[in-house]
Amino acid sequence: MNPFRFFSRAQSAPAARERLQVLLAHERAATGDSDLVNKLRDEILKAISKHMQVDDEKVSIKMERGAQVSTLAVDIEIPFNAGKKAA
Amino acid sequence: MGKVIVVTSGKGGVGKTTSSAALGAALAQNGEKVVVVDFDVGLRNLDLVMGAERRVVYDLVNVIQGEAKLTQALIRDKRVETLYLLPASQTRDKDNLTPEGVEKVITALKNAFDWVICDSPAGIERGATLAMRHADVAIVVTNPEVSSVRDSDRIIGLLDSKTLKAENGERIEKHLLLTRYDAARAERGDMLKVEDVLEILSIPLLGIIPESMDVLRASNVGAPVTLADGRSAPALAYFEATRRLKGETLPVTVPGEKRSFLGKIFGRKAA
């Protein structure tokens with residue numbers, strides 16, 4: 001029935017521990033603005049806006065911070081005539 | 001136009017964040033479009049309780065400072081598709097929350113969602129007063145314990161003076177959510193009675209949430225308790241509170257009692 005009910009029979013503390021470890025590792029790294037994922041996000045947007053007017057509403061950014069690997073997905077709608085403005 | 005709810009208490013650790021997540025999820029599970037907003041700038045935790053901590057890209061302060069669009073900062077829940085989270089900033093100072101900025105964000109959210117749930121930080125400072133500022137409805141989270149009741153009384157005073165509604169001479173709707181209610185202690189007479197808390201604070205009761213391992217377990221796995229185990233006692237209590245929030249009139253279930261609270265008062269048989 002409810003999958004969580006099944007899992008809750010198992011211990012939930014290990015899940016808490018793992019989630020905290022990943023989160024805190026990222027948060028500690030983030031102090032002093034050295035967070036790589038955030039930096040990449042900002043620089044990618046900066047690089048793109050050099051070549052075209054980036055419509056903020058057409059930009060979707062997703063992050064998933066993992067223990068070993070983090071993912072950054074930047075989804076930008078580029079209009080057909082975007083290049084002309086920069087030229 | 002959505003309804004703005006503030007979940008507040010004055011005292012810390014009484015269950016504001018747990019309740020914000022659970023009520024938000026419960027409303028969304030019933031098909032309502034809900035956003036839960038974390039106002040605890042610098043000490044955010046709603047993301048963690050809702051299991052979205054790894055997916056935070058932008059936050060409330062980024063939106064207020066114009067560094068990100070509101071749509072970019074909203075995180076959609078992976079389990080309930082009508083449930084969204086607007087995280088607080090972890091690194092910024094709460095001075096970055098400006099009254100104008102907060103007003104703009106809340107207005108935009110009201111237009112896009114059925115319910116805007118503002119999870120207030122503890123205390124009575126800027127973060128707490130800004131969280132309650134635009135509320136139509138306040139949920140005062142209280143533990144059956146002296147210091148919590150005292151702080152709730154203080155918060156009720158602020159709700160009646162510092163909110164926009166109060167300043168405009170309107171009445172702000174206030175509800176009491178009694179959390180961490182321990183049926184065994186109540187049975188022994190070692191806990192403030194529901195009736196006592198209600199009499200002291202004199203605001204209507206939204207629900208009684210039992211003290212439960214299920215709440216801790218849910219936060220461990222990063223799920224609102226109504227999603228982690230919808231059949232558990234606290235989840236059922238939150239679902240019940242949600243129905244009352246939507247305007248239904250129904251008797252309040254007192255944990256550990258067969259008969260409902262109101263049933264006990266009005267339905268007591270002559271001995």
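Taking the range B:109-134, which residues are farther than 22 Å from B:Ala25 by Cα, β-branched (Val, Ile, Thr) and in contact (Cβ under 8 Å) with a residue 40 or more places away in the chain?
B:Ile124
When the range B:189-211 is examined, which residues are found to be over 20 Å from B:Leu23 (Cβ atoms) and in a loop (DSSP other than H, G, I, E, B)?
B:Gly189, B:Asp190, B:Met191, B:Leu192, B:Lys193, B:Ser202
Looking at the range A:47-59, I want the residues that are more than 14 Å from every other protein chain (Cβ to nearest Cβ) and have a partner that is among the aliphatic types (A, V, I, L, M) and open to solvent by less than 70 Å² (accessible area, probe 1.4 Å) with Cβ atoms under 7 Å, at least 6 apart or on another chain. Which pairs are those?
Once the first residue is more than 14 Å from every other protein chain (Cβ to nearest Cβ) and sits in the range A:47-59, its partners that are among the aliphatic types (A, V, I, L, M) and open to solvent by less than 70 Å² (accessible area, probe 1.4 Å) give A:Ile48/A:Val54; A:Ile48/A:Ile76; A:His51/A:Ala86; A:Met52/A:Ala82; A:Met52/A:Ala86.
The values are calculated or read from the model by the stated rules, or taken from the named source; none is laboratory data. This is a predicted model, so every value here is computed, not measured. With ideal geometry, Cβ positions are generated from the backbone for all residues, glycine too; neighbour counts draw on all protein chains shown. When the accessible area is computed, the model is the full protein with side chains, heavy atoms only, and any ligands, DNA or RNA have been set aside. Shrake-Rupley method; radii C 1.70, N 1.55, O 1.52, S 1.80 Å.
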